[in-house]
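The values are calculated or read from the model by the stated rules, or taken from the named source; none is laboratory data. No experiment lies behind these values; they were computed from the predicted model shown. Ideal geometry is used to build each Cβ from the backbone, glycine not excepted, and the neighbour counts take in all protein chains shown. All accessible areas refer to the heavy atoms of the entire protein, side chains included, with ligands and DNA or RNA removed. Shrake-Rupley method; radii C 1.70, N 1.55, O 1.52, S 1.80 Å.
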Amino acid sequence: MIEPQDYLEPPCPLDSAACSCGGAHRHAPRRRDAAQRRIPLAKVIAECDALFNAEKIEELGSHLRRWLAEARAIEDRQSELSLLSELMGHYRMTGDKERGLQAVRDGFRLLAELGIGGSVSAGTILINGATALKEFGETEEALARYADAFRCYDNHLDPNDWRFASLLNNMAAAYAEAGDVERAEAHYGKALDVLAACGNRVDAAVTHVNLAQLRHQIDPEDERIAEDLERALECLNDPEVKRDGYYAHTCRKCASAFGFFGWFRDEADLNKRAGAIYHARA
């Protein structure tokens, strides 16, 4: 079971006087000038998706930084926050710790200043930041930020909303990193329940792979490791699953785990699937 203390205490620091900024975000002036210039955020994000789906990672980083500079130049703070959230994920994937942590700090500061703590959007940004923090070794802070995100989602979303599965998966990975394997396993199990409820087979494959890795961490001889890998393959082999850029990214992500466990044929097959999709989109 997921314990209440995972998400009930303490109050969200970005939505209360307990905020690390001393509650200053509640008094921060909000820009309401309708004539304020805005960057074409929807178009910018669509271009991000196209670059990601074509596996053009360096170009994606340059694209995000260029538009972040533009957003700052015209003081479009809402778009700046969205771009910082995207950069948190980008720097995490590329292993750029210095710029990644800076994006997290800047993003959390701006989130507080804009006074939108407690919203669904705030929860998503907190997840992106926490996942980067965990990747860069700041596991304790990551868990605290995940708990904040859980409260944001819990106040607004249905328990079976797919966004909860992403949060639960990330929390599980952080708990595993911290050595709390029982809580990690509980969170992975809950994520699978949510993914089953919303029919998300691609993310379920990742969760099964994560579970296999967690079980190996506990007991390398655990027979359930093979079961989880088989279930992951069943999800990825489902003919109803859309073969898009996200599917290719997932195949790449899962392939290395199959190789780790000696399932080399499946590793090669998943990499081949991803390569074919990326090549077609290049």
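The residues on offer are Glu240, Glu234, and the sole one that is acidic (Asp, Glu), in a loop (DSSP other than H, G, I, E, B) and more than 24 Å from Lys134 (Cβ to Cβ) is Glu240. Go through region 212-245 and report how many residues are in contact with a Leu (Cβ under 8 Å, 6 or more places away or on another chain), free of Cβ contacts under 8 Å to residues at least 40 places away in the same chain and of a type in the set (A, V, I, L, M, F, W, C). Residues flagged as in contact with a Leu (Cβ under 8 Å, 6 or more places away or on another chain), free of Cβ contacts under 8 Å to residues at least 40 places away in the same chain and of a type in the set (A, V, I, L, M, F, W, C) within region 212-245 amount to 1.
Cβ-Cβ distances below 6 Å connect the following pairs, each with a first residue in region 102-129 that is over 14 Å from Gln78 (Cβ atoms) and in contact (Cβ under 8 Å) with a residue 12 or more places away in the chain, a second residue that is of a type in the set (D, E, K, R) and open to solvent by less than 20 Å² (accessible area, probe 1.4 Å), and a separation of six or more residues or different chains: Leu126/Asp148.
Looking at region 234-260 only, could you name the residues that are surrounded by fewer than 19 Cβ atoms within 10 Å (Cβ to Cβ) and either touching a Ser or Thr at 6+ places or on another chain (Cβ under 6 Å) or hydrophobic (A, V, I, L, M, F, W, C) (or both)? Scanning region 234-260 gives Val241, Phe260.
Can you pull out the residues in region 261-271 that are crowded, with 18+ Cβ neighbours inside 10 Å and either out of contact with any Gly (no Cβ under 6 Å at 6 or more places or on another chain) or outside any helix (DSSP H, G or I) (or both)? First the steps, then the outcome.
Restricting attention to region 261-271, the residues satisfying the condition of being crowded, with 18+ Cβ neighbours inside 10 Å are 261, 263, 266-267, 270-271.
Of everything in region 261-271, those that are crowded, with 18+ Cβ neighbours inside 10 Å and either out of contact with any Gly (no Cβ under 6 Å at 6 or more places or on another chain) or outside any helix (DSSP H, G or I) (or both) turn out to be Phe261, Trp263, Asp266, Leu270, Asn271.
As a summary of the residue check, His279 satisfies the conditions (1) at pLDDT below 95; (2) under 22 Å from Ala132 (Cα atoms); (3) open to solvent by 40 Å² or more (accessible area, probe 1.4 Å) except for the one numbered (2).
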